[in-house]
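Structure record follows, encoded as structure tokens.
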Amino acid sequence: MTMRGVTRSTQCTRHAGRRLVMACCSALVAAACCLGAAPFDGGRMPAAHADGGSCEIGKTNYVTDTPWTEAALGMDAVRSLADGDGITVAVVDSGVDTSNPHLAGTAVLPGVNLVGDGATDGRTDNYGHGTVVAGIIAARQVEGSALVGIAPKATILPVRVYDTVSNESSHSQGGPSPQMLAKGILYAADHGAQIINVSQSTVTADDGLRSAVTYAQGKGSLIVASAGNRNTSSSTQDGPRYPASWPDVLGVAAADTSFHASADSISGSQVDIFAPGMAVTSTIPRGVDCVFSSDAAASSYATAFASAAAALVAQRYPDETASQWMQRIEASGNRPNPDSRDDDRGWGQLNPYGAITMTLANGLRGPASSSYESHAPEGGSRQRVRIVPTPDGDHGTSLAMTLAGVSAIIVIIMLVTVRVMRDSRTCEAHRTVLDAKPHSVATSGKGHRAR
């Protein structure tokens, strides 16, 4: 074989080799893209920290990291549409401490103290719970702090219905009775609260509490209530909690920092929506701010997020009824099946932007409404389904996508192998022809320029 024949044969072999390498790289890239298409779970988002340490009443802490809830709830887009201005949110709780700079000035009305311990109004909080709830809803911007309420221009009406709570054997004692909650709800309704936050729950369907709820609804108020906390409830069993279980009350369960339904929250038919309840940044009495519930999600705080979202909706749609505000929040919830709810997540993840921007009309997917004809899915009526939570809700999808990626690698490499073998045979045949005619290329004056 001539040197030119050897060169051409070698080049042919090299081309085949390069095609093999390039194809394998393409296979790996394609597989990586396939694997990358799997849902990103994000793991556990880092909790914001407070400069100075623990959450202690009277200790001045500043949270300087942006709370994870800002991105999770899409607050940059939401605040361009609504900020809660003109809306009064009653916090029926342990009171609200207005010495906190986030809650100073016009942020908090005097309210009322129903406890009878000598405090002149609702602007005292010895326990701290009500102040945390109020901060989630309406904390004003403070220099040096990353905390801003979900509805930062809403006005808080503090309704103080208990002074303290003691936790013994993982159960709460000393909190508000159903009768005291009823009094608080009546006061809130009579003093113009469009939204009434009740971060409390009871297993007792008290008639007086039911009457107070009905009265407030007649006044045009939307009551947003806790679906229940497993670790602090008088009963750890899933099931109805009140007032969340009654019609037209928005019942709220808690989510963890990955927005998975938390096992710390009570499940049941009372769950209408679920919202952040873990690693929550908010205000603290006689201090500034801190991060609460870093180890377990609390439906009390989830309720505050839902109340704040309700305040935004009420501001945006002042001519709608409380039941329509509630329908917006339920129907806009992020969920796998738009026509179904379940007892852990209700109608899905709280979605303030969707609640503000959606249109109430016939054919709306989700909860039934007395005002509009709901969408009826094909093949039957709407069904309520129960989704059993798993440690990682995306594990099955991620596994399927991983297997698809591996399969892609195998298939592509097999196809490349066939192609390279074919090219190798072509190269071998070409080399044989060159060996048989050793002088054909050398004696041809134009052969080396042929293409």
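The values are calculated or read from the model by the stated rules, or taken from the named source; none is laboratory data. Nothing here was measured: the structure is a model prediction, and the numbers come from that model. FYI the Cβ positions are ideal-geometry reconstructions off the backbone, even for glycines, and counts take in every protein chain you see.
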Q: Select the strands (runs of 3 or more DSSP E) contained entirely in the range 85-189, then report the ones holding at least 2 residues which are crowded, with 19+ Cβ neighbours inside 10 Å and in the same structural domain as ALA275 (by TED's automatic domain parsing).
A: 88-93, 155-160
Q: For the range 346-362, enumerate the residues that are touching a Phe, Trp or Tyr at 6+ places or on another chain (Cβ under 8 Å) and either assigned to a loop (DSSP other than H, G, I, E, B) or farther than 19 Å from THR303 by Cβ (or both).
A: GLY348, LEU350, LEU360, ALA361, ASN362
Q: Working only within the range 330-355, note down all residues that are surrounded by fewer than 20 Cβ atoms within 10 Å (Cβ to Cβ) and among the aliphatic types (A, V, I, L, M).
A: none
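Residue-by-condition table, conditions (1) crowded, with 24+ Cβ neighbours inside 10 Å; (2) part of a helix (DSSP H, G or I); (3) modelled with pLDDT of 95 or more; (4) among the hydroxyl-bearing types (Ser, Thr, Tyr):
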residue	(1), (2), (3), (4)
ARG210	no, yes, yes, no
ALA216	yes, yes, yes, no
GLY220	no, no, yes, no
ALA225	yes, no, yes, no
THR236	no, no, no, yes
THR257	no, no, no, yes
Q) So how many residues does the range 186-212 have that are over 28 Å from the mean Cα position of the chain (by Cα) and closer than 16 Å to PRO247 by Cα? A) 9
Q. Can you name every residue in the range 292-320 that is surrounded by fewer than 24 Cβ atoms within 10 Å (Cβ to Cβ) and at pLDDT 95 or above?
A. GLN315, ARG316, TYR317, PRO318, ASP319, GLU320
Q: Considering each of ARG140, ARG210 in turn, give the residue that is over 30 Å from ALA71 (Cβ atoms) and not aromatic (Phe, Trp, Tyr).
A: ARG210
(Q) Quick check on ALA119: is it small (Gly, Ala, Ser) and at pLDDT 95 or above? (A) no
